[in-house]
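Any read-out appearing in this document is the output of simple, stated calculations on the displayed coordinates, not a laboratory observation. Nothing here was measured: the structure is a model prediction, and the numbers come from that model. Ideal geometry is used to build each Cβ from the backbone, glycine not excepted, and the neighbour counts take in all protein chains shown.
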Amino acid sequence: MLDKFNNLKVPGPTMTLISKPFWDAVAKHEFQLQKCSDCHKWVFYPRGHCPECWSDNLIWEIASGKGRLKTWSVVHKPGHSGWDEVTPYAIGLIELEEGPTMMSHLLIESDEDLIIDLPFEVSYMKCNDVWLPFFKKQIS
Amino acid sequence: MSNKRRVPLCAIVGIGEMAPKRFTEGATTLGMIAEVAKLAIQDAGLEKEAIDGLLVGPQVGETPQHVPATVAEYLGIQPKMGNVVDLGGSTGAGMLWRAAAAINFGMCETVLCVLANTRERDKLPPRSPNRNPIREFDVPFGASGANTSYALLKQRHMAEFSSTQEEFALIAHWARKNAQLNEKAIFYGKPASVLDVLNSPMIVDPLHLYEIVMPVAGGAAFIVTSAKAARSKGTPPVYLLGAGEKITHRAVSQSPSLTTTPFKYAISAALDQANVDIQEMDLLSLYDCYTSVVAVTLEDAGLCLPGKFGTWMKEHSFGYDGDWPLNTHGGQLGYGQPDLAGGMSHIIEAVRQLRHEANGRQIPNARLGLVTGNGATLSEVTALVLGAESC
């Protein structure tokens with residue numbers, strides 16, 4: 001499975017100084033998110049200001065890496081041809097336990113049993129030499 | 001109804017439209033803008049010197065900056081107001097009330113709103129150099145392009161409301177059916193049954209090929225004046241009676257809801273401003289980059305309960321002679337999507353219908369139309385109520 005993704009010639013993340021801690025943590029298989037020190041809301045994607053209260057007092061904290069599936073799609077014709085080799089593949093929106101929602105790649109065998117709110121957890125995968133936070137079903 | 005007072009905000013006095021085509025050869029965006037602007041000013045019965053306001057779209061390729069100045073120079077006009085409207089598919093609709101605002105503020109009297117795009121064979125359209133944060137937090141996971149985002153929204157609708165593929169296919173079927181009465185439509189001569197839609201290739205599950213607009217080249221333009229000035233001109237004016245707009249997010253992951261949209265506010269705001277009810281509309285000219293967009297627009301417009309668009313659609317008929325004429329030009333699903341001008345096609349068709357010039361597909365006694373525009377992933381939307389002079 002690992003090689004399948006690592007050999008893909010696909011665009012990786014275009015990180016900024018602000019988002020770098022997220023990707024650095026992912027490379028160490030840690031899932032970190034920003035949290036606002038003033039209104040205490042968790043923030044994703046990484047920003048310089050909290051979208052809730054506009055505070056610039058954001059700190060990085062370890063997050064659970066767990067969430068629930070809000071919706072999903074099985075891609076047959078990818079928007080970027082670098083993904084053609086691994087079609088069909090699934091992507092989905094994960095509502096993280098901490099509150100924010102993120103897009104991710106779903107590591108699943110079949111989409112037949114997918115339902116709203118199905119628990120998922122982060123699963124690190126190397127894709128074109130970069131570690132990415134993919135998600136897999138939580139083991140019950 | 002007689003005690004209602006509608007205050008016309010401004011009027012469309014001229015329209016221009018180029019038939020969409022799959023590819024252009026050697027054409028430039030500026031050249032196509034000029035061609036379609038000429039059609040619109042001729043339709044208005046005006047000379048180009050009358051244009052003193054200019055609204056254009058963002059152009060990522062040829063002219064990334066100073067777009068109004070570049071277009072004005074190319075056209076040989078010297079407007080007193082120029083601006084870029086950047087609302088994706090909602091750009092055309094967003095232009096109309098902005099033109100009205102500029103006219104009503106006294107900045108100018110006659111505004112040209114114009115959008116056009118080239119499309120060369122074997123040449124990818126230019127892309128914006130920086131598309132963060134989508135580029136950073138969607139693309140690396142295999143979610144590139146609009147199809148995946150809209151597939152996620154459609155899947156949520158199906159999972160939450162048990163809406164069916166057949167119900168969504170009905171929307172594409174009607175678009176293709178209506179396109180058979182529009183010779184300019186890219187799918188003229190190519191109707192599609194519900195079964196044809198369901199049998200078309202699955203692109204990004206749950207979206208089939210026929211549920212997705214075909215990208216084409218084309219252009220559209222309209223001329224706006226004050227309602228007062230419009231009355232003195234020869235062309236029958238079509239009045240802007242109300243407008244509503246809302247922006248909620250950019251990336252689908254950041255959307256505040258996956259099943260209701262900013263249309264809920266925008267449509268109700270436009271109807272309120274026009275002092276009319278949705279049930280009074282003679283035409284629904286609804287932005288349709290994907291079938292699912294029409295579905296949620298019908299629901300957010302209050303025409304049916306959330307999740308029930310399919311049941312509602314099966315009870316109604318959507319041709320020009322039906323009880324709810326919908327996208328009588330074929331919508332973009334039948335007409336094709338000439339980039340941002342695709343959104344403007346919904347305005348052009350509404351003007352035609354309200355001027356009673358929709359040859360072969362004229363809605364009898366059309367007086368009021370609802371036009372919608374949608375940009376990004378149901379992120380930035382505009383709703384307009386247009387009315388014929390008789391209102």
Item to check | MRE, 222 nm, helices only [DSSP H, n ≥ 4, -39500 (n - 2.57), over chain A, to nearest 500] | outcome: -2000 deg cm²/dmol
Checklist outcome for this item: Which of B:Gly375, B:Gly94, B:Gly360 fluctuates most in a GNM of chain B (C-alpha springs under 10 Å)? That residue is B:Gly360
Checklist entry - Over chain B, what lengths in whole Å, largest first, do the semi-axes of the equivalent ellipsoid take, defined as the square roots of 5 times the eigenvalues of the alpha-carbon gyration tensor? => result 30, 25, 20
Item to check | Student exercise, region A:47-140 dipole from Lys, Arg, Asp, Glu Cβ charges, in Debye to nearest 20 | outcome: 80 debye
Next on the checklist: P(r) for region B:224-311, please, calculated from all Cα pair distances in 10 Å bins and given in %.
Outcome noted: 15, 40, 29, 13, 4
Checklist entry - For chain A, modelled as a Gaussian network with Cα springs under 10 Å, which listed residue fluctuates most, A:Leu106, A:Leu69, A:Leu114? => result A:Leu114
Item to check | All-pairs alpha carbon distance profile, region B:14-77, 5 Å steps from 0, percent | outcome: 4, 15, 27, 25, 18, 9, 2
Item to check | Signed unit charges on C-beta, dipole axis of chain B, positive-most listed residue B:Ser162, B:Gly145, B:Gly375 | outcome: B:Gly375
Next on the checklist: Among B:Ala116, B:Ala172, B:Tyr188, which residue has its Cα furthest toward the positive end of the charge dipole of region B:88-240, with +1 on Lys/Arg Cβ and -1 on Asp/Glu Cβ?
Outcome noted: B:Ala116
Next on the checklist: Considering only C-alpha atoms, what is the centroid distance from region B:16-34 to region A:105-138, in Å?
Outcome noted: 44 Å
Item to check | Net +/- balance of residues flanking A:Pro88 in space, Cβ distance below 10 Å, scoring K and R +1, D and E -1 | outcome: -1
Next on the checklist: Placing one identical point scatterer on every Cα of region A:20-89 and ignoring solvent, what is log10 I(q)/I(0) from the Debye formula at q = 0.26 Å⁻¹?
Outcome noted: -1.03
Item to check | Computed Kirkwood radius, in angstrom, where 1/r is averaged over Cα pairs of the protein assembly as shown | outcome: 24.1 Å
Next on the checklist: Just to be sure I understand: with springs between alpha-carbon atoms less than 10 Å apart, which residue in B:Gly342, B:Gly322, B:Gly369 has the highest mean-square fluctuation in the Gaussian network model of chain B?
Outcome noted: B:Gly322
Checklist outcome for this item: Expected sort for A:36-43, B:177-184, A:71-78, A:54-61 on mean C-beta neighbours within 10 Å, highest first, is A:71-78, B:177-184, A:36-43, A:54-61
Item to check | Whole-Å distance, taken between Cα centres, linking region A:22-39 and region B:171-204 | outcome: 47 Å
Checklist entry - What whole-number value in cubic angstrom gives the convex hull volume per residue for the C-alpha atoms of region B:153-267? => result 170 Å³
Item to check | Lysine-lysine proximity count for region A:1-132, Cα under 26 Å, sequence distance 8 or more or distinct chains | outcome: 24
Checklist entry - Given +1 on the Cβ of Lys and Arg, -1 on the Cβ of Asp and Glu, and no further charges, what dipole in debye does the protein assembly as shown carry about its Cα centre, rounded to the nearest 20? => result 700 debye
